[in-house]
Amino acid sequence: MDKQDQSAPLLKTMLESLDLSALAKESGWSSKSRKVTALSWCLSLCLASSHRTPSLRVAAAFMGLVNALTITKQAMCKRLAKGGGKLLEKALGAALATKAHCELPSLGSFPRVLIQDSTCISLPKAASKHYPGSSNQYDSSAVMKAQAIYEMVSNRFVGFSLGGYTRNDQSAALDIVELAREGDLILRDLGYLTLESLRQIGGLGAYYLSRYMSGTALYDPATGKRLELTELANPARTVELDVHLGHEARLACRLILVPLKEEVANRRRQKAKANRDRRKSPSEQTLHLLGWQIMLTNCSEQELPASLVFELYSMRWRI
């Protein structure tokens, strides 16, 4: 069974649970054809996006299957420009809101919680000029990388950008600085961890919560002495302390180390050892530290207690 065949019923059920008529009105979207409904529009585009090489031609084909009608890629393009893209964005945001709803009391102290993440979509090779992917001396591919910023409190997208695969997450780390406000909390994975982006987020009066990147230098704020994580990690209890991050940046932040259950730690170590890229073969120190969840934040203990840090960070996985 094709991937689309498996996902279509689930997608249809999920979309039917949303108030697509209201979302279409908010988006300024309307269809000249009664057969092209907001439901069929969103369903067709969602199915097309999971295709091996998504395109307007593929979307038009799915529209034909969903509605048993013939529609051209040009007609799809016109509808996309006239509110169709906005409708799909709002539908996706509404769908995520049903999955990502959080009732953590910690959210009350933050006016907004921003989650930045990305996804890659393979495109026909003809698009490689605009969306360059991996390449060698014989061939090149086309891969579009979509960067999205989702706001958890209001449950809506506040930022979207498209680029090629060659623009990695670290290159997009500063994108969020243009949208962040004082008091915001920002959740991102390790791909976005740059000391400059953390510095600028803090400079705005905003907050961040991130995993620690192995090898990043840590220093004692009082003595300036370099700290060793293996000496700080305690297998019996959570460890919290203020540190300076980075050899040159010396960025002030809070380090939190929480010991993991042995079975969880062993799974993480097995995964690290199984990495097919031998250049990333983990050191003994790295394997040892996989027994802890290690986090960085510029939130104080009063603003974000250690007991809530990991439950709050796990919200990122719901996106």
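The values are calculated or read from the model by the stated rules, or taken from the named source; none is laboratory data. Keep in mind that this is a model prediction, so the values were computed, not measured. Using ideal geometry, Cβ is built from the backbone for each residue, glycine included, and neighbour counts are taken over all protein chains shown. For the accessible areas, the whole protein counts, side chains as well, though only heavy atoms, and no ligand, DNA or RNA atoms are used. Shrake-Rupley method; radii C 1.70, N 1.55, O 1.52, S 1.80 Å.
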Between Asn275, Asn298, which is under 30 Å from Ala146 (Cβ atoms), without any contact (Cβ under 8 Å) to a residue 12 or more places away in the chain and of a type outside the set (Ser, Thr, Tyr)? Asn275
Filter result (open to solvent by 30 Å² or more (accessible area, probe 1.4 Å) and in a helix (DSSP H, G or I)) within the range 192-234: Leu195, Glu196, Arg199, Gln200, Gly202, Gly203, Thr230, Glu231, Leu232
Where residues in the range 60-90 are of a type in the set (Lys, Arg) and in contact (Cβ under 8 Å) with a residue 24 or more places away in the chain, which of them is farthest from Trp29 (Cα to Cα)? Lys90
Residue match in the range 245-256 (condition: open to solvent by less than 60 Å² (accessible area, probe 1.4 Å) and either without any contact (Cβ under 8 Å) to a residue 40 or more places away in the chain or more than 27 Å from the chain's Cα centre (by Cα) (or both)): no
Do we have any residue at all in the range 262-281 that's within 27 Å of Leu114 (Cα to Cα) and either open to solvent by less than 60 Å² (accessible area, probe 1.4 Å) or among the hydroxyl-bearing types (Ser, Thr, Tyr) (or both)? no
Here the residues within the range 38-63 that are aromatic (Phe, Trp, Tyr) and either open to solvent by 30 Å² or more (accessible area, probe 1.4 Å) or more than 15 Å from Leu15 (Cα to Cα) (or both) are Phe62
Yes or no: Asp189 charged (D, E, K, R), surrounded by 15 or more Cβ atoms within 10 Å (Cβ to Cβ) and more than 13 Å from the chain's Cα centre (by Cα)? no
Any residue in the range 91-120 that is closer than 28 Å to Leu39 by Cβ and at pLDDT below 75 sitting within a Cβ distance under 9 Å of a residue that is part of a helix (DSSP H, G or I) and not aliphatic (A, V, I, L, M)? List the pairs, counting only those 6 or more apart or interchain. Lys99/Arg318; Ala100/Arg318; His101/Arg318; Cys102/Glu311; Cys102/Arg318
Can you name the residue in the range 67-82 that is aliphatic (A, V, I, L, M) and part of a helix (DSSP H, G or I) and is also most open to solvent (accessible area, probe 1.4 Å) among such residues? Ala81
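Residues are listed down the side, and each one gets a yes or a no for (1) at pLDDT 90 or above; (2) more than 16 Å from Leu190 (Cβ to Cβ); (3) assigned to a strand (DSSP E or B):
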site: Cys253; (1), (2), (3): yes, no, yes
site: Glu263; (1), (2), (3): yes, yes, no
site: Arg267; (1), (2), (3): yes, yes, no
site: Lys271; (1), (2), (3): no, no, no
site: Leu287; (1), (2), (3): no, yes, no
site: Met295; (1), (2), (3): yes, no, yes
site: Cys299; (1), (2), (3): yes, yes, no
Report yes if some residue within the range 303-314 is in a loop (DSSP other than H, G, I, E, B) and modelled with pLDDT under 85; otherwise report no. yes
Answer with yes or no whether Ser21 is at negative phi, assigned to a helix (DSSP H, G or I) and either touching a Phe, Trp or Tyr at 6+ places or on another chain (Cβ under 6 Å) or acidic (Asp, Glu) (or both). no
Residues of the range 116-174 satisfying the condition of being assigned to a strand (DSSP E or B), open to solvent by 30 Å² or more (accessible area, probe 1.4 Å) and among the small types (Gly, Ala, Ser): Ser118, Ser122, Ser134, Ser135, Ser140, Ser141, Ser161
Condition check: under 24 Å from Gly93 (Cα atoms) and not hydrophobic (A, V, I, L, M, F, W, C). Does Asn155 satisfy that? yes
If you take the residues in the range 217-244 that are of a type in the set (A, V, I, L, M) and more than 31 Å from the chain's Cα centre (by Cα), which one is modelled with the lowest pLDDT? Ala236
